[in-house]
Amino acid sequence: MAVSNIKASFKSDIQKTWKTVTSLEEYAWRSDLSKIEVVNEKQFIEYTNDGYATTFTITATEPCKRWEFDMENENIKGHWIGIFTTNGEQTEIDFTEDVSAKKIFMKPFVKSYLKKQQTQYISDLKKALS
């Protein structure tokens with residue numbers, strides 16, 4: 001298992017940050033996605049620009065505080081936790097992914113892949129919230 005954590009602060013109120021991160025309809029700010037397909041109120045599928053699909057199953061929602069889901073595709077399986085807090089006029093996020101590679105040859109690359117994905121996500125989110 002590979003665990004990757006990223007924290008960031010934004011000059012944005014917590015409601016706007018929460019809505020941006022959790023919206024399954026307004027995702028154009030994500031440079032890594034071509035589309036999101038909503039399956040039902042607890043499940044959605046994200047498609048990369050290359051058409052690669054990952055299924056997400058929401059396991060916990062506390063508006064403007066916590067969002068969690070399980071994720072799975074043909075290469076990985078894991079869990080994501082997003083914590084949202086207010087600090088003065090800023091919103092702080094603390095995102096943790098705990099992922100296992102399904103294919104043995106991929107295990108050495110999972111942690112670096114997660115870090116790359118998280119860094120891109122934060123970069124895209126900063127642009128969306130500014």
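Derivation of every value follows stated rules applied to the coordinates shown; laboratory data play no part. Quick caveat, the model's predicted, so the values are computed rather than measured. We place every Cβ from the backbone using ideal geometry, glycine too, and count neighbours over all the protein chains shown.
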ask   = Can you give the FRET efficiency for Ile122 and Asn40, using 1/(1 + (r/R0)^6), R0 = 25 Å, r = Cβ-Cβ distance, to the nearest 0.05?
value = 0.30
ask   = Which net charge results for the neighbourhood of Gly78, defined as the other residues with beta-carbon distances under 11 angstrom from its beta-carbon, given Lys and Arg at +1 and Asp and Glu at -1?
value = -2
inquiry  = Positive end of the dipole of the chain, charges at C-beta (+1 Lys, Arg; -1 Asp, Glu), about the Cα centre: which of Leu114, Ile93, Asn49 has its Cα farthest in that direction?
reply    = Leu114
ask   = Cβ under 11 Å from Ala2's Cβ, Ala2 left aside: what net charge do those residues give with Lys, Arg +1 and Asp, Glu -1?
value = +1
query = Normalised by the residues of the chain, what does the relative contact order come to in percent, with Cα pairs under 8 Å and at least six apart?
reply = 31
request  = Just add up the charged neighbours of Glu37: K/R +1, D/E -1, any other residue whose Cβ is under 13 Å from the Cβ of Glu37.
outcome  = -1
message = Taking a ≥ b ≥ c as the square roots of the Cα gyration tensor eigenvalues, with a/c under 1.5 meaning rounded and otherwise prolate when a/b beats b/c, else oblate, which class fits segment 55-120?
response = oblate
task = Specify the inter-centroid distance of segment 9-52 and segment 68-120, based on alpha-carbon positions, in whole Å.
result = 14
query = What is the dipole size for segment 54-130, taken about its Cα centre, with +1 at each Lys and Arg Cβ and -1 at each Asp and Glu Cβ, in debye to the nearest 20?
reply = 420
task = Compute the FRET efficiency between Asn75 and Lys19 as 1/(1 + (r/R0)^6), taking r as their Cβ-Cβ distance and R0 = 22 Å, and round to the nearest 0.05.
result = 0.15
query = Considering the chain, what Rg and Dmax in Å follow from its alpha-carbon atoms?
reply = 14.4, 45
Debye, to nearest 20: dipole size of the chain, +1 on Lys, Arg Cβ, -1 on Asp, Glu Cβ = 440
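What translational diffusion coefficient, in µm²/s and rounded to a whole number, does the Stokes-Einstein relation yield for segment 1-59 at 25 °C and a viscosity of 0.890 mPa s, taking the hydrodynamic radius as the Kirkwood radius over Cα pairs?
In µm²/s, the coefficient rounds to 186.
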message = Given a Förster distance of 30 Å, report the FRET efficiency between Leu33 and Cys64 from their Cβ-Cβ distance, rounded to the nearest 0.05.
response = 0.85
